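J.: Quick one: structure below, then a few questions.
The values are calculated or read from the model by the stated rules, or taken from the named source; none is laboratory data. Since this is a predicted model, take the numbers as computed values, not measurements. Here Cβ is always computed from backbone atoms with ideal geometry, including for glycine, and neighbour counts include all displayed protein chains. Each accessible area value is taken on the protein alone, full model and side chains, heavy atoms only, with ligands, DNA and RNA left out. Shrake-Rupley method; radii C 1.70, N 1.55, O 1.52, S 1.80 Å.
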Amino acid sequence: MASQRKFVVGGNWKMNGDKQSIDGIIAFLNKGPLNDDTDIIVAPPAVYLDYVRKGLSPKVAVSAQNCYKELKGAFTGDISVTMIKDVGATWVIIGHSERRHVFGESDELIGDKVKTALDNGLSVMACVGEKLEEREAGKTNEVVFRQIKAVADKISDWSHVVIAYEPVWAIGTGKTASPEQAQEVHKHLREWLSKNVSPTIAQATRIQYGGSVTAANCKELAKKPDIDGFLVGGASLKPDFIQIINARK
Ligand code: PGA
């Protein structure tokens with residue numbers, strides 16, 4: 001049975017798009033139909049946050065893909081939570097596996113960023129997920145628990161946090177975790193929250209699945225009791241994203 005938690009679907013555009021293709025995405029999102037029972041968020045590249053916010057229906061929230069842990073200063077090339085808010089975006093993705101593994105971000109930095117974002121009024125999609133070799137070595141729980149602990153150690157208010165479970169081997173590979181594989185990790189994450197944070201927060205916190213979600217596989221994944229939404233990369237750039245938004249309909 002589906003849970004009472006509100007379904008939440010994010011589209012992570014990564015480093016893709018230009019004004020022309022973004023106009024196309026805005027057009028299909030504004031046309032919908034968008035499910036009122038689902039929180040919908042898109043995360044364009046930072047330079048387009050303002051452009052997207054101005055063109056997009058207010059039914060869709062806008063997110064940054066990253067931010068720094070400080071609010072201003074000599075941090076060339078980075079962006080702050082206050083800047084993200086200033087252009088009307090309300091969310092930020094933190095700890096995406098590409099930030100961890102391409103840019104070398106540590107668990108500690110990610111925890112600090114989540115804290116700064118929450119303390120300054122943004123909602124956060126906090127990402128965790130194991131690499132293929134970690135899964136094969138039986139270390140999936142160890143890895144995702146370590147990653148979530150680094151966040152839990154820095155924050156106390158979970159009301160504006162969504163966890164995104166994204167197995168690294170499933171991201172952009174076309175190799176989706178099966179609904180059973182995803183459900184298993186989501187359940188373990190919820191148990192971890194229950195034991196280490198609180199049972200109430202564990203019940204209320206939404207856990208998205210990410211990694212090669214498509215219009216074809218989203219409905220089966222969405223039926224699992226601990227899967228409360230998706231974080232979608234490639235498929236969020238295409239009109240198929242509307243079907244993913246409506247996976248629970
Ligand atoms: P993908 O990316 O849907 O293209 O696999 C997911 C993500 O990285 O959030």
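J.: Filter the stretch 135-153 for residues that are touching an Asp or Glu at 6+ places or on another chain (Cβ under 8 Å) and more than 17 Å from Ser106 (Cα to Cα); which is surrounded by the most Cβ atoms within 10 Å (Cβ to Cβ)?
T.: Thr140
J.: Let me ask another. Quickly run through the stretch 82-99 and pick out the residues that are closer than 13 Å to Leu118 by Cβ, within 16 Å of the ligand (Cβ to nearest atom) and without any contact (Cβ under 8 Å) to a residue 60 or more places away in the chain.
T.: Val92, Ile94 - these are the residues of the stretch 82-99 that are closer than 13 Å to Leu118 by Cβ, within 16 Å of the ligand (Cβ to nearest atom) and without any contact (Cβ under 8 Å) to a residue 60 or more places away in the chain.
J.: Condition check: assigned to a loop (DSSP other than H, G, I, E, B), within 16 Å of the ligand (Cβ to nearest atom) and open to solvent by 10 Å² or more (accessible area, probe 1.4 Å). Does Gly121 satisfy that?
T.: no
J.: Restricting to the stretch 6-64, count the residues that are among the small types (Gly, Ala, Ser) and either assigned to a helix (DSSP H, G or I) or open to solvent by 60 Å² or more (accessible area, probe 1.4 Å) (or both).
T.: Residues that pass the stated criteria total 5.
J.: Here's a follow-up. Which one of the conditions (1) open to solvent by 40 Å² or more (accessible area, probe 1.4 Å); (2) away from the ligand (no atom under 16 Å from the Cβ); (3) among the basic types (Lys, Arg) does Arg190 fail to meet, given that it meets all the rest?
T.: Looking at each condition in turn, Arg190 falls short on (1).
J.: OK, next. Assess whether Ser123 counts as being at pLDDT 95 or above and under 25 Å from Gly17 (Cβ atoms).
T.: yes
J.: Scan the helices (runs of 4 or more DSSP H) fully inside the stretch 193-249 and keep the ones with 1 or more residues being within 15 Å of the ligand (Cβ to nearest atom).
T.: Output list reads 218-222, 241-245.
J.: Restricting to the stretch 126-179, name every residue that is part of a loop (DSSP other than H, G, I, E, B), within 16 Å of the ligand (Cβ to nearest atom) and over 17 Å from Val9 (Cβ atoms).
T.: Within the stretch 126-179, Gly129, Glu130, Lys131, Pro167, Gly172, Thr173, Gly174, Lys175, Ser178 meet the criteria.
J.: Would you confirm whether or not the stretch 70-90 contains a residue that is over 30 Å from Asp36 (Cβ atoms), modelled with pLDDT of 95 or more, of a type in the set (Gly, Ala, Ser) and open to solvent by less than 60 Å² (accessible area, probe 1.4 Å)?
T.: yes
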